[in-house]
Amino acid sequence: MDGEPSTSATSNANNWRFAQCFGDKGEVDDITEADIISTVEFDHTGDYLATGDKGGRVVLFERNDSKKGCEYKFYTEFQSHEPEFDYLKSLEIEEKINRIKWCKRQNSAHFLLSTNDKTIKLWKVFEKSLKVVSENNLTDGTRPVPPPTISTNLRLPRMTQHDTIVAAVPRKVYANAHAYHINSISINSDGETYISADDLRVNLWNLNISDQSFNIVDIKPANMEELTEVITAAEFHPIHCNLFMYSSSKGTIKLADMRESALCDRHAKLFEEEDDPSNRSFFSEIISSISDVKFSKDGRYILSRDYLSLKIWDVNMDRGPVKTIQIHDHLRGKLCDLYENDCIFDKFECTWSGDGQSVLTGSYQNYFHIYDVNTTNDIVLQADKSAFKAKKIGAGAKPGMKNGAKPGVKDGVNIDAMDFNKKILHGSWHPRENTIAIAATNNLFIFAVDR
């Protein structure tokens, strides 16, 4: 971002390759709703990767060190959430996993937070030895023996290790603190606290205390008819444990400081870009809603995603974004159709590369984009069956060119023939390498740069 020569993941576009795919590779029509992946998250080392799905399951993968390059293998799977029913409000609570966040590892066990719409759980995942009785007074481990007739022949049973399994147990359940759907959880840099955000409130928790939380942001109006915006995402600053940000459906990002007051209703900074009045339409407010926000690793920059664009903000400069990247501006003319089929409400995530030089976000037709923050480089890759052939589209496009697209065609796809059911909403970037994990419906794709 400082104008230095880029050594980012986009500087050598042709090196990106498809590495792996997990999940059923059948046709889209055969997909079970419960198998659709709803969140993806690398841990702090990049050696482990977690996915959550609409069926309430969490699947963990670990780095396969026996393979050359960055490849993963199945580690364990467990049922994190079950469907519930709120009898007071007569509402079904889905088991779908909205977010997973890894706690920094302190010992041989892993700890991670998972949440559905209402309940957050802290899971401990650890390797457990299974032991069996190999010798006792009735067997020597291979065959039966006569029972001892005198007390001096009595033997203590001997245990031997039989197997090692990976166990997952819920250590804490943080419930009954959110009246609305939880959209974000974020662990503080102090390693002791975390925030959870729903449509109208942000709560602060201590990881060790499950029956008490502090409400630090509340935008609920006294009269719900006066409600004009909702909270869409929230995240702690990666370094300063007193700072966090939250975004809204009005296209604003607010930076709050917990040192100023117990209730952070007064933000420290507001990041907002005014709409061009000449471009205002019925859809303006919908497409300006921010679906995801992420701090860069050093906390200096903020990455935000709305329906049509990515924006990069300097934390020290709130008058406007330092860079705006149009993701699928070609869809601006189809907003009416996208409103009719509800796709205009799709919530695309965004993420930084480990070195902060590149950003990642998804699009339709299972395409996803990798952008260089210092140049106009845009790599477009596709996470579907064509990825098995390591197909790349638009790699190394010249600055100013829209991936060499022809009129009416974008990323090699005719806009009118685009399948809006195929979409990349969730992705995660390895913290130390140019390896990315992409959720495409019920499949997990791994892409990496050749080393």
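Some notes on this structure:
- When both bridge partners sit in the range 130-210, DSSP labels roughly 100% of those beta bridges antiparallel.
- Cα-based radius of gyration for the chain, normalised by 2.2 N^0.38 Å, reads 1.10.
- The shape of the range 144-250 can be summarised by an equivalent ellipsoid whose semi-axes, obtained from the alpha carbon gyration tensor, come to 54, 16, 12 Å from longest to shortest.
- Among the listed pairs LYS269/LYS294; LYS54/LYS118; LYS118/LYS422; LYS311/LYS347, those with a Cα-Cα distance over 19 Å are LYS118/LYS422.
- Carbon/sulfur fraction of accessible area - the chain, other protein chains in place, 1.4 Å, %: 48 percent
- Cleavage-rule hits (GluC sites (Glu not before Pro)) in the range 92-123: DSSP loop, at most 13 neighbouring Cβ within 10 angstrom: none
- Using just its DSSP H runs of length 4 or more, each adding -39500 (n - 2.57), the chain gives a mean residue ellipticity at 222 nm of -500 deg cm²/dmol after division by all residues.
- Note that the range 70-84 has calculated 3J(HN,Hα) couplings of 9, 10, 10, 9, 4, 10, 6, 9, 8, 7, 7, 10, 10, x, 10 Hz, one per residue in order, obtained from phi through the Karplus relation 6.51 cos²θ - 1.76 cosθ + 1.60 (θ = phi - 60°); glycine and proline are x.
- Residues MET245, MET224, MET258 ordered from highest to lowest accessible area at a 1.4 Å probe: MET224, MET258, MET245.
- Peptide packing for 306-317, 365-376 was compared via the average number of neighbouring C-beta atoms within 10 Å per residue; ordered from the highest value, the list is 365-376, 306-317.
- Relative contact order %, the chain, counting alpha carbon pairs below 8 Å whose residues are six or more apart: 15 percent
- Net charge of neighbours whose Cβ lies under 12 Å from the Cβ of TRP429, counting Lys and Arg as +1 and Asp and Glu as -1: -1
- Restricting the calculation to Cα atoms, the range 54-115 yields a radius of gyration followed by a Dmax of 15.9, 54 Å.
- In sequence order, calculated HN-Hα J values of the range 151-164 (Karplus, 6.51, -1.76, 1.60; Hz; x Gly/Pro): 4, 5, 8, 5, 10, 6, x, 10, 9, 10, 6, 9, 6, 10
- Across the range 111-117, rounded Karplus estimates of 3J(HN,Hα) from the backbone phi angles (6.51 cos²θ - 1.76 cosθ + 1.60, θ = phi - 60°) give 10, 8, 9, 10, 9, 9, 5 Hz, Gly and Pro being marked x.
- 12 Å beta-carbon shell around SER210, net charge (K/R +1, D/E -1): +2
- All other residues whose Cβ lies under 10 angstrom from that of ILE344 are scored, Lys and Arg at +1 and Asp and Glu at -1, for a net of -3.
- Sites listed here are GluC sites (Glu not before Pro) in the range 209-295 whose DSSP assignment is loop and whose Cβ has at most 11 other Cβ atoms within 10 Å: GLU274.
- Amide H partners (placed H, <5 Å) of LYS172, local residues excluded: LEU122
- Convex hull of Cα atoms in the range 213-369, direction-averaged projection (nm²): 10.9 nm²
- The residues of the range 317-372 expose, per residue, 38 Å² of accessible area to a 1.4 Å probe.
The values are calculated or read from the model by the stated rules, or taken from the named source; none is laboratory data. It should be emphasised that the depicted structure is a prediction, and the values quoted were computed from it without experimental measurement. Here Cβ is always computed from backbone atoms with ideal geometry, including for glycine, and neighbour counts include all displayed protein chains. When the accessible area is computed, the model is the full protein with side chains, heavy atoms only, and any ligands, DNA or RNA have been set aside. Shrake-Rupley method; radii C 1.70, N 1.55, O 1.52, S 1.80 Å.
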